[in-house]
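I have placed the structure first, in the form of structure tokens, so that the comments after it can refer back to it.
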Amino acid sequence: MRRKIAVIGGGQCGLHVAFGLLDRSYEVTLYSDRTPEQLLGSRIQSTAFLFNQTLDMERRLGLNFWETEVPLGEGMLVDFREPTGKSVLTVAGRLQEKSGQALDQRTKFARWMQEFQLRGGNLVIKTVTLDDLEQIAADNALTFVAAGKGPINALFARDDARSRHQSPPRQLAALLLRGSKLLGERPWPKADFRPLRFNFVMGVGEFFSLPFYTHTAGECRSFLFEARPGGPMDRFNDAADSQELLNVARQVVREFAPDDAAYLDDARLTDANAWLKGAFTPTVRKPVGVLPSGRVVMGIGDTVCLNDPIAGQGANNASRLADHLLRAIGEAQGEAFDAGWMQSTFDAFWQTSASYTTAFTNLLLEPPGEAVMHVLGAASQNRVIADEFVGCFETPSHFWPWIADVGAARRFVSDRMANAA
Ligand SMILES: Cc1cc2nc3c(=O)[nH]c(=O)nc-3n(C[C@H](O)[C@H](O)[C@H](O)COP(=O)(O)OP(=O)(O)OC[C@H]3O[C@@H](n4cnc5c(N)ncnc54)[C@H](O)[C@@H]3O)c2cc1C
């Protein structure tokens with residue numbers, strides 16, 4: 001069989017797969033719609049935090065070039081608030097030795113693309129069209145489409161059974177900021193670690209701040225706002241530029257998390273491109289794209305499994321899928337990479353991993369149910385439970401069954417209490 005594989009899209013999923021294939025001696029062509037230089041000078045598209053398991057995958061591929069520069073996110077400090085801004089529950093849990101990191105994707109993907117060429121990969125700068133895909137699929141034994149939210153996604157049909165949303169559940173806005181109160185080891189004295197700072201404001205939306213690193217400014221913090229459409233926090237859309245967006249961010253924090261407001265007092269954007277706003281509909285798509293010729297290509301990453309960023313799972317999920325694909329390719333042993341292989345390979349990943357990731361993400365978008373409130377109430381009083389809750393973000397299937405079942409949640413809490421006693 002030809003050992004030629006093409007990957008469309010130089011993001012988290014496409015690059016991860018491409019490096020893994022090079023390691024397995026495949027001839028790999030990666031298509032990116034931007035050069036590394038264009039990427040470095042572009043607007044941010046994400047503020048992704050990666051859990052340790054994902055960082056380990058990158059370490060195994062020798063891609064951890066920023067290991068010591070990027071500040072560790074060591075745990076989560078979460079306040080659940082009333083719409084008045086009053087906190088009604090605080091949970092602080094550590095990721096323990098499993099700390100993660102958030103690195104600007106512009107910084108990372110630009111360097112990775114250069115590294116891909118150094119390792120013998122074939123990088124083509126091109127916005128791939130459906131017509132191009134025919135030729136690419138004809139030339140390669142397997143073609144992956146890892147185009148994120150790019151319009152080429154239309155080739156992959158929405159999977160109605162696996163997709164819950166018909167419209168965007170949140171209006172998003174994000175910024176990268178530096179400020180005197182935002183950096184360093186312990187910016188929030190309430191937490192004895194450097195936290196991912198979460199605020200959940202009932203009926204209003206959420207906002208998150210992560211320790212972050214970008215090539216334009218070094219250590220900084222990302223801020224991501226998730227406004228319920230039409231709700232009182234849904235006011236970022238009118239911001240015409242980054243300064244207006246920052247002003248709205250200040251207002252929102254002052255109003256809905258007043259004890260966090262001072263963190264933004266002297267905050268400044270890391271660079272003119274360090275902001276985004278918009279909305280999208282989370283969608284699961286069928287993994288097999290059939291071209292007019294009848295040839296097939298496989299959608300991967302956000303192209304087929306696009307979730308809201310509320311649970312910080314998209315890039316982690318993209319890498320978990322990349323890892324799964326590399327194992328499946330290794331085990332294929334001469335089997336054709338046909339539609340059946342693509343479907344069964346994706347279904348196996350969906351059943352063991354992505355279905356939980358998607359369900360957990362969707363759960364966070366809804367008001368918390370009785371089961372999760374029972375665990376969070378206990379977590380606010382008991383560090384062991386808080387740590388375990390926070391640790392599950394790395395492998396969302398570990399939230400089950402107790403996250404959605406009151407009886408299981410009670411047993412989960414009483415088991416931990418008994419162990420502690
Ligand atoms: C505000 C925000 C915050 C987030 N925070 C987190 C987080 O904390 N943790 C987390 O895990 N995830 C997070 N995510 C999600 C995460 O960024 C994505 O899930 C992840 O980047 C998906 O990887 P991907 O490779 O599928 O797509 P992408 O990383 O989007 O890469 C796709 C690439 O393909 C290129 N492309 C598109 N069309 C074409 C074409 N036709 N030809 C050639 N190239 C093309 C695009 O330009 C892009 O470079 C966040 C997302 C957002 C929006």
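Here is a list: SER344, SER319, SER353. Which entry is among the polar types (S, T, N, Q), within 16 Å of the ligand (Cβ to nearest atom) and surrounded by fewer than 22 Cβ atoms within 10 Å (Cβ to Cβ)? Before the answer, list the steps.
Details: SER344 fails: within 16 Å of the ligand (Cβ to nearest atom); SER319 fails: surrounded by fewer than 22 Cβ atoms within 10 Å (Cβ to Cβ).
After ruling out the rest, the residue left standing is SER353.
Determine whether ASP259 is open to solvent by 10 Å² or more (accessible area, probe 1.4 Å), at pLDDT below 95, farther than 30 Å from ALA157 by Cβ and not polar (S, T, N, Q).
Numbers: open to solvent by 10 Å² or more (accessible area, probe 1.4 Å): yes; at pLDDT below 95: no; farther than 30 Å from ALA157 by Cβ: yes; not polar (S, T, N, Q): yes.
Here the answer is no, as ASP259 does not meet what is asked.
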Exactly one of THR29, THR68 is within 30 Å of THR129 (Cβ to Cβ) and either outside any helix (DSSP H, G or I) or aromatic (Phe, Trp, Tyr) (or both), and that one is THR29
Scanning the stretch 50-89 residue by residue, the ones that are out of contact with any strand residue (DSSP E or B) (no Cβ under 7 Å at 6 or more places or on another chain), β-branched (Val, Ile, Thr) and within 16 Å of the ligand (Cβ to nearest atom) total 1
Note on the stretch 165-191: residues loosely packed, with under 15 Cβ neighbours inside 10 Å and at negative phi are GLN166, SER167, PRO168, SER180, GLU185, ARG186, PRO189, LYS190
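Would you confirm whether any residue within the stretch 233-241 is open to solvent by less than 40 Å² (accessible area, probe 1.4 Å) and under 23 Å from the mean Cα position of the chain (by Cα)?
Residues of the stretch 233-241 open to solvent by less than 40 Å² (accessible area, probe 1.4 Å): 233, 236, 239.
From what's left, under 23 Å from the mean Cα position of the chain (by Cα): 233, 236.
Yes, the conditions are met somewhere in the stretch 233-241.
Listed residues SER380, SER414; which is in contact with a Leu (Cβ under 6 Å, 6 or more places away or on another chain) and farther than 23 Å from PRO309 by Cβ? Even if it seems obvious, please write down each step before you answer.
Values: SER414 fails: in contact with a Leu (Cβ under 6 Å, 6 or more places away or on another chain).
Residue meeting the stated conditions: SER380.
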Answer residue from the stretch 384-421, given it is aromatic (Phe, Trp, Tyr) and open to solvent by less than 60 Å² (accessible area, probe 1.4 Å) and is nearest to the chain's Cα centre (by Cα) among those: PHE393
Do we have any residue at all in the stretch 74-88 that's among the aliphatic types (A, V, I, L, M), surrounded by fewer than 16 Cβ atoms within 10 Å (Cβ to Cβ), in a strand (DSSP E or B) and not assigned by TED's automatic domain parsing to the domain that holds SER42? yes
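Do we find that ALA92 is open to solvent by less than 40 Å² (accessible area, probe 1.4 Å), within 16 Å of the ligand (Cβ to nearest atom) and touching a residue at least 60 places away in the same chain (Cβ under 8 Å) in this structure? Even if it seems obvious, please write down each step before you answer.
Values: open to solvent by less than 40 Å² (accessible area, probe 1.4 Å): yes; within 16 Å of the ligand (Cβ to nearest atom): no; touching a residue at least 60 places away in the same chain (Cβ under 8 Å): yes.
No, not satisfied.
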Matching residues in the stretch 168-223 - criterion: being touching a strand residue (DSSP E or B) at 6+ places or on another chain (Cβ under 7 Å), within 13 Å of the ligand (Cβ to nearest atom) and not in a strand (DSSP E or B): ARG170
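Taking ARG111, is it touching a residue at least 60 places away in the same chain (Cβ under 8 Å) and either within 11 Å of the ligand (Cβ to nearest atom) or not assigned by TED's automatic domain parsing to the domain that holds GLY334 (or both)?
Numbers: touching a residue at least 60 places away in the same chain (Cβ under 8 Å): yes; either within 11 Å of the ligand (Cβ to nearest atom) or not assigned by TED's automatic domain parsing to the domain that holds GLY334 (or both): no.
No; evaluated as a whole, the condition is false for this residue.
So, in the stretch 140-167, of the ones that are touching a Cys at 6+ places or on another chain (Cβ under 9 Å) and assigned to a loop (DSSP other than H, G, I, E, B), which residue ends up farthest from the ligand (Cβ to nearest atom)? Can you show your working first?
We begin by selecting, within the stretch 140-167, every residue touching a Cys at 6+ places or on another chain (Cβ under 9 Å); these are 144, 146, 148, 162.
Those still in the list that are assigned to a loop (DSSP other than H, G, I, E, B) too: 146, 148, 162.
Details: ALA146: 5, GLY148: 2, ARG162: 16 Å.
Filtering the stretch 140-167 for residues that are touching a Cys at 6+ places or on another chain (Cβ under 9 Å) and assigned to a loop (DSSP other than H, G, I, E, B), the one farthest from the ligand (Cβ to nearest atom) comes out as ARG162.
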Based on what the data block shows, is LYS98 under 25 Å from GLU37 (Cα atoms) and within 19 Å of the chain's Cα centre (by Cα)? no
Let me confirm something: among GLU226, GLU219, GLU244, which residue is touching a helix residue (DSSP H, G or I) at 6+ places or on another chain (Cβ under 6 Å), charged (D, E, K, R) and modelled with pLDDT of 95 or more? GLU226
Checking LEU22 against (1) open to solvent by less than 20 Å² (accessible area, probe 1.4 Å); (2) more than 22 Å from GLY278 (Cβ to Cβ), the condition it does not meet: (1)
Within the stretch 129-151, can you find the residues that are under 22 Å from SER46 (Cα atoms) and open to solvent by less than 40 Å² (accessible area, probe 1.4 Å)? PHE144, VAL145, ALA146, ALA147, GLY148, GLY150
Out of (1) under 22 Å from GLY41 (Cα atoms); (2) of a type in the set (Val, Ile, Thr); (3) in contact with a helix residue (DSSP H, G or I) (Cβ under 8 Å, 6 or more places away or on another chain), what's the single condition that is false for VAL91? (1)
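The values are calculated or read from the model by the stated rules, or taken from the named source; none is laboratory data. Note that the coordinates shown come from a computational prediction; the quantities given were computed from them, not determined experimentally. Glycine also receives a Cβ, built like all others from the backbone with ideal geometry; neighbour counts cover every protein chain displayed. Please note that ligands, DNA and RNA were not included when accessible areas were found on the heavy atoms of the full protein model with its side chains. Shrake-Rupley method; radii C 1.70, N 1.55, O 1.52, S 1.80 Å.
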